[in-house]
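The values are calculated or read from the model by the stated rules, or taken from the named source; none is laboratory data. Since this is a predicted model, take the numbers as computed values, not measurements. Quick reminder, even Gly has a Cβ in these numbers, built from the backbone with ideal geometry, and neighbours come from all protein chains shown.
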Amino acid sequence: MKILGILGSPDPRGGSAQLLLTALKAAEKEGLSTEVVRVYEREIKPCMGCIRNEEPKCKFPCIFEDYGKELLVKIYNSDGLILSTPIYWFGPSGPLKLLVDRMTCLENMISFGEPSYMEGKVVGVIAVGADAGAIFTGAYLITTLNSMGAIVPPWALAYSYKSKKAIFDKKAVMDALNIGILTAKTIKLLKGEKQELRYIQDEELYQKIKEEVIKTLELYPEEIYHEKRPFRRSSI
């Protein structure tokens, strides 16, 4: 059983990465394997809208030979997805939006007599940014993925407005931790294992995973972030 973490930020150590890693480490505590991919790593071509044709060409794994196709194959082979993105004008980052559009080829398998290839995958969403728009961003992603057939577990959305300091936002970290746990437990439930789906407040696990993330990403101690620095609205 595997969860794919999709990082929608160009910063591999920023707040979006911090909370995504938090969620994935929590999922690993539940016994699932995880992998992180970054949408900014290589080119993802924009969707051409093949689904609109009378003879639809829109089918998995998409018409393009690019990084987007590689990610679509990874999505297909996963049991769950956790998407983490900075907030760009009330929505996800551009490359992540391109990938979501391209995921239409998974859903559109229904036009070829098969179920949506997104059906039954469990999804969670994380949004991070210094400006407003977290709920819009999260709602867009969750609504879209659910409309493709994905399953949304309880407590599936986490967000922080603390940007690069998201790992020091206790509520956001605890929420991200629960996304990982509940995504993993929902996957196991669908596989026939009895699970209790509830939000947990585990201080020991919170401290352990927080420290693991700080060490893995080689982040500065919290007090360094509180020094006076120029204000950057795009600090993601």
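In summary, A132 fulfils each of the numbered conditions (1) farther than 30 Å from E218 by Cα; (2) hydrophobic (A, V, I, L, M, F, W, C); (3) modelled with pLDDT under 95 with the single exception of condition (1). Within the range 68-108, can you find the residues that are touching a Ser or Thr at 6+ places or on another chain (Cβ under 6 Å) and hydroxyl-bearing (S, T, Y)? Answer for the range 68-108, where residues must be touching a Ser or Thr at 6+ places or on another chain (Cβ under 6 Å) and hydroxyl-bearing (S, T, Y): S84, T85, S93. For L177, the requirement of being touching a Ser or Thr at 6+ places or on another chain (Cβ under 8 Å) and within 26 Å of P10 (Cα to Cα) is met. Tallying residues that are within 23 Å of K2 (Cα to Cα) and surrounded by fewer than 20 Cβ atoms within 10 Å (Cβ to Cβ) within the range 68-97 yields 6.
Of all residues in the range 145-164, those that are surrounded by fewer than 20 Cβ atoms within 10 Å (Cβ to Cβ) and not in a loop (DSSP other than H, G, I, E, B) total 4. Residues in the range 85-121 that are in contact with a helix residue (DSSP H, G or I) (Cβ under 9 Å, 6 or more places away or on another chain), closer than 23 Å to L190 by Cβ and in a loop (DSSP other than H, G, I, E, B): M103, P115, S116, Y117, M118, E119, G120, K121. Close contacts from the range 195-214, counting a first residue that is under 15 Å from A172 (Cβ atoms) and without any contact (Cβ under 8 Å) to a residue 40 or more places away in the chain and a second that is β-branched (V, I, T) and surrounded by 11 or more Cβ atoms within 10 Å (Cβ to Cβ), with Cβ to Cβ under 7 Å and a gap of 6+ residues or different chains, come to Y206/V173.
One residue stands out among those in the range 35-67 that are in contact with a Lys or Arg (Cβ under 8 Å, 6 or more places away or on another chain) and farther than 28 Å from G14 by Cα: the one that is surrounded by the most Cβ atoms within 10 Å (Cβ to Cβ), which is C62.
Of C62, C47, all but one fail to be modelled with pLDDT under 95 and either in a strand (DSSP E or B) or on the phi > 0 side of the Ramachandran plot (or both); the exception is C62.
Select from the range 2-26 the residues that are under 18 Å from I87 (Cβ atoms) and of a type in the set (A, V, I, L, M) and write down the one among them that is surrounded by the fewest Cβ atoms within 10 Å (Cβ to Cβ). So, considering only residues that are under 18 Å from I87 (Cβ atoms) and of a type in the set (A, V, I, L, M), the one surrounded by the fewest Cβ atoms within 10 Å (Cβ to Cβ) is I6. Answer yes or no as to whether D131 is surrounded by fewer than 18 Cβ atoms within 10 Å (Cβ to Cβ), farther than 13 Å from A23 by Cα and in contact with a Lys or Arg (Cβ under 9 Å, 6 or more places away or on another chain). In short, yes. When the criteria are applied in full, S78 meets the requirement of being touching a residue at least 60 places away in the same chain (Cβ under 8 Å) and of a type in the set (S, T, Y).
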